[in-house]
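I have placed the structure first, in the form of structure tokens, so that the comments after it can refer back to it.
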Amino acid sequence: MRIDQWVPAFHRGDAIGDEARHLRDFFRQQGFKSDIYCLNRDEGLEEESRLFTEFKPGEKKDVVILHFALPSPLSYELTRLPCRRVIIHHNVTSPEFFVGFSEEMVKIASQGKRELRLLAPFVDLGLADSEFNRQELESLGFQRTAVFPLFINFNRYQKPANPFISKIYRDDRTNILFVGRIVPNKKIEDLIKLTFYFKKYISPLVRLIVVGKTTSLPKYYESLVRLVDDFYLQPEEVLFTGHVPDEDMFAYYQVADVFVSLSEHEGFCLPLLESMIFNVPVIAYAAGAVASTLDGAGVLLREKRVAEMAELVDILTHDEKLKAKIIQGQRERLERFRAFPREKYLLSLLKILWQD
């Protein structure tokens, strides 16, 4: 019996690619034949994957799992299969966030939402990496759904951090960290406003560090640079690092006083858990899957009030007793996440399909 996975693009260091590799290895350990099929892939991943043109439909009880995050020809191909059809929904950002910044992304996101809806009658099991994503599947007509938590390779975070970054940025400034794509739904502009307020009314010794690729949506990034200038914030007060290697990213987590997310659309938000791994207190706006990802840990915001958020950043930075309490809650949340038997749970869901 086969359990294969489809990914439109297979990338090195990508969360979906890491998930697919991990599941393939698990399926093989359980005695199944299992491969990853993709439309394109990074150079050097030829031994890890097969091109979709090589895929041959198998028997009725075989399983194909489509990792869905963007529209692709694989969506249509999935509907034609005679075997069990499963998707893992990694979320598609709502198209309205891209209006005014990229018409291409508006079209891609809109098409992704349409394809997801069209898949509903053909999919035997819709998995989602958060309850927020699962509810979206249910609202689109998927009959059988379940939450299947995101795969996190915790060993990855054991690698040493860049000591040079730690030396530079561990100073008297309050370091506010955000990690994620520089795209409109992340609301980086709200973080800039928070930094401006903190500088003006609390302390001039503040630094916003934004770790993430700046070239994904140039028009949006340029608007952020202009906003920084409009607020007369200096380069040492707002740092856009761009895409960085792991050792640099880990160092930024280590120098952070507080991780703040004011994003308004999140399908899971991995940096929330990464902050917990590095014992950085989290403040996050309750958008999308954020509340379920935090699961009672960190500080969850129901409203964005700049003055209150800035004061909260200052309190979490300097009140050691409160900070310790927040970090302890985050450690407990992280342990709950790590303890969940996700692979065995997935296998139990697939066994139900085979009984149908």
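Read-outs: derived from the displayed coordinates by stated rules, not from any lab. The model shown is predicted, which means the values in this text are computed figures rather than measured ones. Cβ atoms come from the backbone with ideal geometry, glycine included; neighbour counts cover every protein chain shown.
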Nearest 10 degrees, 0 to 90: helix 103-119 Cα axis against the chain principal axis: 40
Total charge dipole magnitude, the range 83-158, about the Cα centre, Cβ charges on Lys, Arg, Asp, Glu only, Debye to nearest 20: 280
Estimated vicinal HN-Hα couplings, Hz - the range 258-266 in sequence order (Karplus 6.51, -1.76, 1.60; Gly, Pro = x): 8, 9, 10, 10, 10, 4, 10, 7, 9
Pairs of alpha carbons in the range 155-338 whose separation is greater than 23 Å (percent): 37
Crossing angle, helix 188-197 versus the chain [Cα axis fit, 0-90 degrees, rounded to tens]: 20
Per residue Cα convex hull volume in Å³ - calculated over the chain: 138
DSSP bridge orientation in the chain - percent antiparallel, rounded to nearest 5: 0
Per residue, the convex hull volume that the Cα atoms of the range 25-152 enclose (Å³): 140
Selected from LYS199, LYS219, LYS167 as most flexible by GNM, with the chain as the system and alpha-carbon contacts under 10 Å: LYS167
Separation in nanometres of the label points that stand 7 Å from Cα toward Cβ, at LYS61 and PHE340: 2.9
Residue-wise HN-Hα coupling along the range 12-24, computed from phi with Karplus coefficients 6.51, -1.76, 1.60 (Hz; x: Gly, Pro): 7, x, 8, 4, 5, x, 5, 4, 4, 4, 4, 5, 4
Estimated dipole of the chain in Debye, rounded to 20 [Cβ of Lys and Arg +1, of Asp and Glu -1, Cα centre]: 800
Options ALA339, LEU312, SER275, ranked by Cα towards positive dipole end of the chain, top entry (Cβ charges): ALA339
